[in-house]
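Every number in this text was worked out from the coordinates using simple rules, so none of it is lab data. Keep in mind it's a predicted model, so treat the numbers as computed, not measured. Note that each Cβ is placed from the backbone with ideal geometry, even for glycine, and that neighbours are counted across all protein chains shown.
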Amino acid sequence: MTPVLATEALVAGYEPDLAIVRGVDLAVRSGELLLLLGPNGAGKSTLVKAIAGLVPVHEGTVRLAGVEITAAPAHEKVRHGLAFVPQTENVFATLSIEDNLRLAAQVLAKPRRAGRIAALYAMFPDLAARPASRAGALSGGQRQMLAVARALVVEPSVLILDEPSVGLAPKIVGEVFERLRAINRAGVTTVLVEQNVRAALAIADRAAILVEGRIAHLGPAATLAGDPIVAELYLGARRATAQ
Amino acid sequence: MNPQTLLEGLIAGSMIGLGAIGVTLTYSILRFANFAHGDFLAWGAYLALAISGTLGSLAGGLAAPIGPFSFGWSLPIAAVLAAALTAGLALLVDALLFGPLRRRRSAVIILVMASFGAALTLRSLLELVFTSKPFYYTQELQIAMKLGSGMRATPDQLLCLGVAAVLVVLVHLLLTRSAIGREMRAVSENPALAGVVGVDVRRVVRTVWALGAALACMAGVIAGLLVQIRPQMGLDLLLPLFAASILGGIGSVPGAMLAGLIVGVAEAATVALVGAEWRAACAFVILVAILLLRPQGLFGRPD
């Protein structure tokens with residue numbers, strides 16, 4: 001079966017002569033929740049940003065449902081069904097909740113827009129209660145929910161989230177992860193970058209560990225959770241690749 | 001301040017406000033101060049002059065004054081066509097100059113310096129084609145009407161005030177109610193996120209250039225109608241335009257218009273109370289004062 005999202009020998013980085021992602025082959029299966037782990041600076045964020053079109057790809061390809069989208073600008077990737085939730089500043093603080101959602105819905109054909117926004121409000125009653133509030137006035141957890149709702153407006157085939165738990169209180173992190181799990185179970189293939197390893201492994205199907213820009217380990221989340229080598233790789237105590 | 005000074009200040013201020021809207025929009029979306037904006041204004045005035053002259057010579061009836069005004073239908077028609085051409089000029093300058101610099105991720109100061117270069121080039125081209133001799137849209141004389149409280153204004157002046165007011169309301173509605181307006185606000189806050197959400201940022205940038213330049217053209221036509229048309233007209237208005245866009249708060253259309261009126265009235269008061277040679281200093285004093293006291297402007301948000 002064709003993976004929903006696949007990268008092949010992907011090399012990417014902000015500067016043309018400095019690769020942070022150094023040859024990543026990753027195949028995301030339909031319907032799964034794939035967790036991307038790795039020590040700071042391993043290139044997790046850069047990898048998902050390169051997939052989303054925010055960081056230049058130097059070499060390799062990105063395919064969505066078999067269609068190559070490597071060079072497409074970010075705004076076209078959304079139209080292909082790839083939704084990305086950045087780590088910080090992931091909602092428009094100066095726009096209302098309603099305008100944040102409407103802006104995202106502009107990608108859809110006109111007749112579908114109102115229906116999709118209504119569906120998202122039904123899914124996130126907290127947002128429906130105050131559509132005119134500026135997104136900047138929301139709490140951290142609500143903001144994160146708005147960012148996720150915004151990404152879901154287009155009914156993406158893949159939802160990619162870059163550390164959604166950053167800056168949230170532990171109790172809220174649990175709620176956010178439960179939400180993500182439910183969204184994934186409803187059929188949205190999800191790629192999750194996280195530092196919050198234990199909580200994230202609990203909701204993931206598979207996990208990949210990125211070390212120094214390459215995938216050092218990939219396996220079922222359940223076995224990874226109890227594997228001593230994971231701690232070593234994850235913490236980056238030993239260099240994963242002999243140079 | 002007597003009512004007449006106030007009225008004259010408001011009339012000049014409406015012109016400044018229209019120009020300042022363009023400055024504030026390009027600044028909030030492209031994040032640099034475009035010093036060529038005044039020259040878009042001058043180009044707009046000259047393009048309208050050339051088109052209305054051509055229309056008048058093709059069909060003499062178009063040059064005959066409409067009702068109480070000093071100009072014929074050739075001028076409003078020319079103004080609309082010139083607005084479209086000025087928008088095209090701004091898009092051309094962006095495609096040739098600013099676009100390539102943005103793609104190279106040039107620093108803001110490079111963009112600002114490039115806009116100085118564009119300003120000089122555009123102004124010199126006007127001098128080359130039209131010489132530095134002043135032009136007028138019409139040679140008709142107008143008698144100022146009495147408006148009560150000792151105020152007098154010509155029908156042209158009142159019309160310009162009205163046109164400016166209508167344009168500001170339209171632009172404000174476009175920004176706050178339309179899909180492209182929502183996209184412009186999104187790009188102004190966070191261009192990277194706007195792309196992720198599905199906004200074609202390059203299309204928004206082109207829209208902003210076109211809109212800003214079309215408004216600059218209208219300001220230029222008003223300046224040409226009420227004062228005169230000279231290659232330096234944009235340069236002379238540059239400082240008031242920047243004072244108004246910063247006083248209004250970068251990105252705020254109502255702010256730019258209100259601040260334009262404030263700058264216009266302050267200039268008129270300066271001329272009346274201190275002396276005409278201090279007019280230019282007035283905008284400068286306002287600019288320095290806002291930057292020191294309230295850098296976010298009247299309607300801006302502190303960063």
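Data for the structure
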{"item": "Inter-probe distance in nm under a simple model that places probes 7 Å from Cα toward Cβ, at A:Val166 and B:Phe135", "result": "5.5 nm"}
{"item": "Amide H contacts under 5 Å for A:Ala216, placed H, 5+ residues apart", "result": "A:Ile209, A:Leu210, A:Val211"}
{"item": "Sequence-distant lysines (8 or more away, or on other chains) whose Cα lies within less than 24 Å of A:Lys44", "result": "A:Lys77"}
{"item": "Lys/Arg +1, Asp/Glu -1 at C-beta; the protein assembly as shown dipole; positive extreme among B:Ser28, B:Ile180, B:Ala243", "result": "B:Ile180"}
{"item": "Gaussian network model of chain B, springs between alpha carbon atoms under 10 Å - residue of B:Val196, B:Val253, B:Val108 with greatest fluctuation", "result": "B:Val196"}
{"item": "Antiparallel content of DSSP bridges confined to the protein assembly as shown, in %, to 5", "result": "60 percent"}
{"item": "Compactness index (Cα Rg / 2.2 N^0.38 Å), segment B:171-223", "result": "1.26"}
{"item": "Nonlocal amide H pairs with B:Thr154, under 5 Å, H built at 1.01 Å", "result": "B:Met145"}
{"item": "Highest-first arrangement of B:167-174, B:76-83, where packing means the average Cβ count within 10 Å", "result": "B:76-83, B:167-174"}
{"item": "Nearest-20 debye value, segment B:3-293 charge dipole, Cβ charges on Lys, Arg, Asp, Glu", "result": "720 debye"}
{"item": "Dimensionless Rg ratio for segment B:220-269, taking C-alpha atoms and the 2.2 N^0.38 Å reference", "result": "1.17"}
{"item": "Chain B: most fluctuating residue of B:Ala107, B:Ala164, B:Ala42 per GNM, C-alpha cutoff 10 Å", "result": "B:Ala107"}
{"item": "Mean projection area, nm², convex hull over Cα of segment B:1-149", "result": "11.6 nm²"}
{"item": "With eigenvalues of the C-alpha gyration tensor scaled by 5 and rooted, segment B:3-293, Å", "result": "30, 23, 18"}
{"item": "Size descriptor, Kirkwood hydrodynamic radius, that averages inverse alpha-carbon separations across chain A, Å", "result": "18.3 Å"}
{"item": "Two-site label geometry, A:Glu59 and B:Val288: point separation in nm, points 7 Å out along Cα→Cβ", "result": "5.9 nm"}
{"item": "Lys, Arg +1 and Asp, Glu -1 on Cβ, resulting dipole of the protein assembly as shown about Cα centre, debye, nearest 20", "result": "620 debye"}
{"item": "20 Å Cα-Cα reach of A:Lys110 towards aspartates and glutamates, excluding residues that sit fewer than 8 places from it in its own chain", "result": "A:Glu76, A:Glu98, A:Asp99, A:Glu155, B:Glu183, B:Asp200"}
{"item": "If the convex hull is drawn through the Cα atoms of segment A:107-175, its volume per residue in Å³", "result": "108 Å³"}
{"item": "Helical segments meeting 24 Å axial Cα length and Kyte-Doolittle 1.0 threshold in chain B (DSSP H)", "result": "B:3-30, B:74-93, B:108-130, B:155-177, B:201-226, B:253-273"}
{"item": "Packing-based ranking, highest mean first, of B:136-149, A:97-110, A:62-75, B:213-226 given that Cβ atoms within 10 Å are counted", "result": "B:213-226, A:97-110, A:62-75, B:136-149"}
{"item": "Chain A, helix-only ellipticity at 222 nm - DSSP H runs n ≥ 4, -39,500 (n - 2.57), divided by all residues, nearest 500", "result": "-11000 deg cm²/dmol"}
{"item": "Peptide-level mean, for B:187-194, of C-beta atoms on other protein chains within 10 Å", "result": "5"}
{"item": "Shielding by partners, peptide A:93-104 (average Cβ within 10 angstrom, other chains)", "result": "3"}
{"item": "Cα pair distances of the protein assembly as shown binned at 10 Å [whole percent]", "result": "4, 16, 23, 20, 15, 12, 7, 3, 1, 0"}
{"item": "Size-normalised alpha-carbon gyration radius of segment B:132-262, reference 2.2 N^0.38 Å", "result": "1.28"}
{"item": "Shielding by other protein chains, A:77-88, mean Cβ within 10 Å", "result": "2"}
